[in-house]
Amino acid sequence: MIYVPSEAEKHAALINELCSGRKLLDEMQHFREHDAAREAAAQRGSKSVGALGKAVLSIPQREWFQMREKYGEEFWQDRGAIRDVQRLEPQFKIHSA
C-alpha cells in the first residue's frame with residue numbers, strides 16, 4: 001500500500017523546508033559578514049596596494065549586490081556612496097574614503 005500524505009502534512013513539510021532554508025541563508029550571511037569584518041580589521045593600518053591605492057571596504061557578496069542595486073553599477077567610484085556604506089556598516093571599513 002502506498003502512503004499519500006494529507007494536504008496538511010504537505011503544507012507542514014513545505015513550511016518546515018522554507019524555514020530551514022531561510023535559516024541556512026541567514027547563517028551563511030552571518031559567516032560572510034564575520035569574515036569580511038575580520039578581513040577589514042586585519043587590513044586596517046596597511047599601506048597602499050601598489051597602483052590600486054588603499055582599500056576602503058571589505059564587503060560581503062550580498063551587501064555588494066545590494067549596494068550596486070541602490071547606488072548603481074559604478075558605485076565604488078562614488079565617494080559619497082562609499083562614505084554612506086562606511087557610516088552604515090562600520091565593521092567593513094578599512095580606510096576612510
In the set ARG68, ARG62, the lone residue that is surrounded by 10 or more Cβ atoms within 10 Å (Cβ to Cβ), part of a helix (DSSP H, G or I) and modelled with pLDDT of 85 or more is ARG68
Residues ALA41, ALA13: which one is of a type in the set (Gly, Ala, Ser), over 25 Å from the mean Cα position of the chain (by Cα) and either over 21 Å from HIS95 (Cβ atoms) or modelled with pLDDT of 80 or more (or both)?
ALA13
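The values are calculated or read from the model by the stated rules, or taken from the named source; none is laboratory data. In this text, all values refer to a predicted model and were calculated from it rather than measured experimentally. Ideal geometry is used to build each Cβ from the backbone, glycine not excepted, and the neighbour counts take in all protein chains shown.
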